[in-house]
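Structure first, commentary second.
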Amino acid sequence: MTDPGEIVACPECDLLQHLPELEAGTKARCPRCGNTLASQASEPIDVPLALALAAAVVFIIANTTPLIGLSAVGRHASTTIPGGALEMWRQGEVITAMIVAFCAIIAPGSYILFLVTTLLAVKRPPAPHWVGELLRWADSMQPWSMNEVMIIGILVALIKIAELATVAPGIGMYAVGGLVVLFTAIMITFDPREVWKRIEWTGGVAETVR
Amino acid sequence: MTGTVLTAGGAGLVACETCALLSRPVEVAEPGYCRRCGGKLEWRRRHSVQYTWALVVAAAICYIPANVLPVLDTTTLGSTDSDTIMGGVVLLYTTGSWPLALIVLIASVMVPLGKLIALSYLLTSVQRGSIQSNRERTRLYRLVEIIGRWSMLDVFVDTFTVALIQLQPLMSVTPGPGVLFFAAVVVLTMVAAKSFDPRLIWDSGMRRSFDG
C-alpha cells in the first residue's frame, strides 16, 4: 500500500510532489512535464511473474527453432537467432555479431532471468537487499532487449529473400512474436515501486525524507 | 514561473535514480549512497552535457561511413553486387513492398539522423539556459529514448539475410563494412540518450546549477 503522504521527485523534471494513493489500474502523471510517475497494477507481483515464466519458455523456443526456412534449386537452409549472430562472426563482423547477440539473446534472456528471480524473492517480504541489485540489472538490460525490432527485421529479411527463393516462416519467428507480446504485458503489469517496498534497506548514510 | 515551483534539487534533496527514494544528502559535493538500494546518489547524471556531446559527435562521424559503405555484398555466380542502406530501401521499393521500404527508410535513415539533430538541439538549448517550451523539449527527449532502438532494424535484417543466403557457389551474401558503423551509430546514440539528463532542461531559471 502506498503511504498517503509519499513525496516523490519526478525523474524527468525533478518537481517535488505528493504521490496520491492510486487505485488499481490508474496512473499518476507529473503535472509539470507529463511524465508517468507511477501506475498501480492489481496484482503487481504474481501477474508479471507468470508472464515472465511464460516468456522464459518462449525465449528458449525462439532461440532453438528456425526463424526462416529457405529452399532454392533443391537446397534447403534455415537460421536461428544464435545461428545469425554466429554467421556474422564467421564472416569477420565480430563486433556486429556481439551487438546482435547482446540485443537479441543476452539482454532479453538476462532480463527474464533477473526479473523472475526478483519477483520470486519478493513474494515473502522483506527480501534481502541483493534483490534490489538484481532489479537494477534487469532495469539496465531492458532498453537493450529488442524483440520487437527483431521481429520486424525477420519479416523484412523474409520478404526480401522471397524475391530470390522460396521462403517459409519457422516456429522461431512465431516465438519471437510471442516474446514481443509477453514483454509488453510485463511492462504494463510490472511495478518496480512495489518491489522496492518489499526489499530490506541497505542502511547507508543519507537521511530519508518522510 | 520556474522560480516558484519546488524541485527536489531546489529543496536540497536528491532522488535515487534506481529506486526513486528521496534522500537528504550528507554533503552537497558528495551526496553519498541511497539508504534503501545502496545506489550512488547524484544531483544530476555526471557530466551529462559533456558525455552526451562526445557520444553525439562520435555517432555523427560513424553516420557517414554507415550510409556510404555497403552493408551487404551479394555474390551471384561469380559477380558481386554491393548494397548500401539506401540501396536496400530502393530495392524493397522497386520489388513492390513499399510499406516495408518506408519502415526501413524511417528506421535506418530518418531515426538516426533525427536522433542526432534532436540531441544536439536539446544540448545547445540546455547550454544556452533556455527556459522556453520545457514541456515540449522533455517530450522530444522521451521520443528519442523510445524510438532509438528501432534503428537496429537494418542490422537484424542484414544478419538474418547473411545467415540464410549461403548457397555457394550459386549465391551467397556477406556483410559489408557499413554494418559495423551502422550498429555503432545505434549503440552510441542510445548511450547518448541515456547519459543526457532531462532534468537539466528544467534547471535553467533555477538559482543553482547542478551540471558538473
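Descriptive notes on the structure:
- Flag if A:LEU37 is without any contact (Cβ under 8 Å) to a residue 40 or more places away in the chain and closer than 28 Å to A:ARG198 by Cβ: yes
- Looking across segment B:1-59 at every residue that is surrounded by 20 or more Cβ atoms within 10 Å (Cβ to Cβ), among the small types (Gly, Ala, Ser) and in a helix (DSSP H, G or I), the one that is nearest to the chain's Cα centre (by Cα) is identified as B:ALA59.
- For segment B:77-116, the candidate set comprises residues that are among the charged types (D, E, K, R) and part of a strand (DSSP E or B); within that set, the residue that is surrounded by the most Cβ atoms within 10 Å (Cβ to Cβ) is B:ASP83.
- Lone qualifier among A:GLU93, A:GLU43 - being loosely packed, with under 15 Cβ neighbours inside 10 Å and either touching a residue at least 12 places away in the same chain (Cβ under 8 Å) or of a type outside the set (Val, Ile, Thr) (or both): A:GLU43
- Residues that are out of contact with any helix residue (DSSP H, G or I) (no Cβ under 9 Å at 6 or more places or on another chain) and closer than 30 Å to B:PRO112 by Cα were ranked within segment B:1-42; the one that is farthest from the other protein chains (Cβ to nearest Cβ) is B:GLU42.
- Test: residue in segment A:86-98 that is more than 19 Å from B:ASP154 (Cβ to Cβ) and within 12 Å of chain B (Cβ to nearest Cβ): yes
- Subset of segment A:22-52 (residues that are outside any helix (DSSP H, G or I) and more than 14 Å from every other protein chain (Cβ to nearest Cβ)): A:LEU22, A:GLU23, A:ALA24, A:GLY25, A:THR26, A:LYS27, A:GLN40, A:ALA41, A:SER42, A:GLU43, A:PRO44, A:ILE45
- Against the test of being buried (at least 19 other Cβ atoms within 10 Å of the Cβ), facing chain A (nearest Cβ under 10 Å) and over 19 Å from A:MET150 (Cα atoms), the options B:VAL157, B:VAL173, B:VAL126, B:VAL186 yield a single qualifying residue, B:VAL173.
- Close pairs (8 angstrom Cβ cut-off, 6 or more residues apart or separate chains): within 12 Å of chain B (Cβ to nearest Cβ) in segment A:163-183, surrounded by 18 or more Cβ atoms within 10 Å (Cβ to Cβ) and polar (S, T, N, Q) anywhere: A:GLY170/A:SER78; A:GLY172/A:ASN63; A:GLY172/A:THR80; A:VAL176/A:ASN147
- Residue match in segment A:64-78 (condition: under 16 Å from the mean Cα position of the chain (by Cα), away from every other protein chain (no Cβ under 12 Å) and either assigned to a helix (DSSP H, G or I) or touching a residue at least 60 places away in the same chain (Cβ under 8 Å) (or both)): no
No lab work stands behind these numbers, since they all come straight from the coordinates. Because the structure is predicted, anything quoted here is derived from the model rather than measured. Cβ coordinates were reconstructed from backbone atoms using ideal geometry, including for glycine residues, and neighbour counts include every protein chain displayed.
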